[in-house]
1. Evaluate the following for SER29: is it surrounded by fewer than 13 Cβ atoms within 10 Å (Cβ to Cβ), touching a residue at least 60 places away in the same chain (Cβ under 8 Å) and hydroxyl-bearing (Ser, Thr, Tyr)?
2. What is the residue count in segment 32-63 for residues that are free of Cβ contacts under 8 Å to residues at least 12 places away in the same chain and either among the small types (Gly, Ala, Ser) or surrounded by 21 or more Cβ atoms within 10 Å (Cβ to Cβ) (or both)?
3. Working only within segment 145-179, note down all residues that are under 19 Å from THR25 (Cα atoms) and either of a type in the set (Gly, Ala, Ser) or free of Cβ contacts under 8 Å to residues at least 24 places away in the same chain (or both).
4. Give me the residue from segment 6-30 that is closer than 22 Å to ARG117 by Cβ, in contact with a strand residue (DSSP E or B) (Cβ under 8 Å, 6 or more places away or on another chain) and among the aliphatic types (A, V, I, L, M) and, out of that set, modelled with the lowest pLDDT.
5. Can you pull out every residue in segment 63-95 that is more than 19 Å from GLU182 (Cβ to Cβ), assigned to a helix (DSSP H, G or I) and of a type in the set (Gly, Ala, Ser)?
6. List the residue pairs whose Cβ atoms are under 9 Å apart, where the first residue sits in segment 182-197 and is charged (D, E, K, R), the second is in a loop (DSSP other than H, G, I, E, B) and modelled with pLDDT under 95, and the two are 6 or more positions apart or on different chains.
7. Please verify whether THR98 is touching a helix residue (DSSP H, G or I) at 6+ places or on another chain (Cβ under 8 Å) and surrounded by fewer than 20 Cβ atoms within 10 Å (Cβ to Cβ), treating the condition exactly as stated.
8. Under 9 Å between Cβ atoms, which residue pairs at least 6 apart in sequence (or on different chains) link something in segment 202-231 that is closer than 15 Å to HIS9 by Cβ with a partner that is in a loop (DSSP other than H, G, I, E, B) and among the acidic types (Asp, Glu)?
Amino acid sequence: MTAMAAAPHSAFAQCRAVLFDLDGTLLDSAPDLAAAADAVRVARGHAPLPLEAYRHACGAGARGLLGVGLGLTPDHPDYPAAAEAFFDTYQGRMTERTHPFDGVDALVANLHTRGLRWGIVTNKASRFSDLLVDYFGVFTSRGVLVSGDTTPQRKPHPQPLLHAASVLGVEPAHCIYVGDDERDIQAGHAAGMGTVAAHYGYLGANADPRRWGAHAHIHSPIDLLQLLPGA
């Protein structure tokens, strides 16, 4: 399938920068996230679960993964210890099976060819995002990395996106934000950016990205190029 535009936004015609979510948008990190969550589950005496049981929850981080693996919510008294065990386990294996989605290399190269700046805005803590982004050479040309602890607010608040645009020196109205979660689209709208829903990502259980109000929809990373100037 190809890119689909749901509603026009001036950023697509006047784009100077593209911002991306990380997990589920640029990186397929589900295998390592799920393995870390399942290790915590097994260590607590439960039978292992397959990757597909966790995949839809990977965009929600520890909250989503421990919800699947242990049925825990953040207000449960056992959650903090389980979350720290998950974080420690994940940090020790987060590049074992994680890889950029097919087409990300070509997409980034094409953005450079078109003279467009680009960056990453993720809710993932810098403890993990810094190491991950530096590990993969395809991301070396990024102009900015905003992590979940870079600014006081996290997505769906617009502050991380506005900070990224400021670092790049580009007006938010000339930026596009691409993500695979509804909060990505909410943050993009709040920041005044063009928004793109990545249907190939983790999305969340029973999510329908067509209802998120994104300006456009893509089914693979390379589809984005059809929406940008010079297509």
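1. Details: surrounded by fewer than 13 Cβ atoms within 10 Å (Cβ to Cβ): no; touching a residue at least 60 places away in the same chain (Cβ under 8 Å): yes; hydroxyl-bearing (Ser, Thr, Tyr): yes.
The answer is no for SER29.
2. 2
3. SER147, GLY148, ALA164, ALA165, GLY179
4. The extreme case among them is ALA11.
5. Across segment 63-95, the qualifying residues are GLY69, ALA81, ALA82, ALA83, ALA85.
6. Close Cβ pairs (under 9 Å, with a partner that is in a loop (DSSP other than H, G, I, E, B) and modelled with pLDDT under 95) amount to GLU182/LEU203; GLU182/GLY204; GLU182/ALA207.
7. Values: touching a helix residue (DSSP H, G or I) at 6+ places or on another chain (Cβ under 8 Å): yes; surrounded by fewer than 20 Cβ atoms within 10 Å (Cβ to Cβ): yes.
Answer is yes for this residue.
8. Between residues of segment 202-231 that are closer than 15 Å to HIS9 by Cβ and residues that are in a loop (DSSP other than H, G, I, E, B) and among the acidic types (Asp, Glu), the close pairs are TRP212/ASP181.
The values are calculated or read from the model by the stated rules, or taken from the named source; none is laboratory data. Note that this is a predicted model, so its numbers are computed, not measured. For neighbour counting, all protein chains shown are included, and Cβ atoms are generated from backbone atoms with ideal geometry for every residue, glycine included.
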